[in-house]
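The values are calculated or read from the model by the stated rules, or taken from the named source; none is laboratory data. Here the structure is a predicted model, which means the values were calculated and not measured. Ideal geometry is used to build each Cβ from the backbone, glycine not excepted, and the neighbour counts take in all protein chains shown. Note: areas computed on protein heavy atoms with side chains; ligands, DNA, RNA excluded. Shrake-Rupley method; radii C 1.70, N 1.55, O 1.52, S 1.80 Å.
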Amino acid sequence: MLTSWVLAGTLLYAAPQGTTHDYTLKATFDGFLPILGGNTGVVETNMVVRVDGLTNGSETLKAASEITAFDIAFNGAKLPLGLESVQEFFPRTTIEFSPAGRISKTNAPDLTLPVRLPGLDAKRFPDITYVPIEFDAKTAEVAQEWTFERTFDGAPMVYRCRLESLTATHAVVSVNIAQELNYLENEALEVVKEEKDAYSRVKAKLTGSGQVIFEREAGAVARVVMTNDSASQVTNIKTGETIERKLKTTFVVDRKGAKLPEAGVIQAKVREVSIWDRVRSSAATAPALASVWWQKIKPNLAMNAQEAWQRTFRWALELWQRVGPGA
């Protein structure tokens, strides 16, 4: 039977003592990674997070979470980083939070991760797993929008939410996030606090979007899907030279045994990609691409006109195949 607060049209978390939920989290980092001296590639992590409800006759909810399984791979090759190593930075953590999802207290230690990855904070692990958003305290209505902030890595992250779907059993919320970070790192790409220890200044901008599916009777999240894009301007302190790093991060969280809406996950409409979209998407690599094409076309200048035009036409056709319709 649905509880009265479900029938009242509110969205509230629950964490009664004695309940346990297991969440699977798959996190994929694609782009520049501050590991092994700095590499461009793909890191895939898979883990299981166990959450124990500890609330006992109080309006303030209480829960504890811990990672119970973990593996990590870089460019498809598994890395020798075991569960104990991860638990050192993400130990069992107890939090207190309101039924609407505002976290008021945590016993997570003040640990700094060896490297900085956007959207990942040792003290904010519950925020990306079982309490991913705060709900509006008002009665829930479809198309309702609200904002809130949480602090990640010492800087505010702004959440903009919209209630896309609401039934007696589920709520589907679209989420957009934005954050700006400024920090120092040494030559080994480790975060440092003092400029005397720093090699570079980093200014990072993070934007992301996704969806949260909330199972109302359970008072728990059923699924979270978030895709975040980070662009960092890295400036060498001595030379002033600036380079850009980019990283795409995807988080997929599923609660084991959760029931999803009968209609399935609401998917954003996919817009048809035009030739101009393809050209724009290639803008970041345009200088390098132009150099390559110039090297190909330049020898044509020493040929007779007919041969030059024939070869140039073939290069142009090849370029069209790369960015044109059907590419």
> Of all the residues that make up segment 220-248, how many are under 23 Å from residue 200 (Cα atoms) and assigned to a strand (DSSP E or B)?
Replying inline: 15
> Has segment 140-163 got any residue that is touching a Ser or Thr at 6+ places or on another chain (Cβ under 8 Å), farther than 24 Å from residue 65 by Cβ and modelled with pLDDT under 95?
Replying inline: yes
>> Looking at 234, 224, 202, 192 in this structure, which one is open to solvent by less than 60 Å² (accessible area, probe 1.4 Å) and free of Cβ contacts under 8 Å to residues at least 24 places away in the same chain?
In response: 192
>> I'd like to know if segment 97-111 contains one or more residues that are without any contact (Cβ under 8 Å) to a residue 40 or more places away in the chain, open to solvent by 50 Å² or more (accessible area, probe 1.4 Å), basic (Lys, Arg) and closer than 22 Å to residue 230 by Cβ.
In response: no
> So, of the residues in segment 9-35 that are β-branched (Val, Ile, Thr) and under 14 Å from residue 55 (Cα atoms), which turns out to be farthest from the chain's Cα centre (by Cα)?
Replying inline: 19
> If you scan segment 205-221, which residues turn out to be open to solvent by 80 Å² or more (accessible area, probe 1.4 Å) and of a type in the set (Asp, Glu)?
Replying inline: 217
> Which condition does residue 33 not pass, out of (1) open to solvent by less than 10 Å² (accessible area, probe 1.4 Å); (2) within 30 Å of residue 162 (Cα to Cα); (3) in contact (Cβ under 8 Å) with a residue 60 or more places away in the chain, if it passes all the others?
Replying inline: (2)
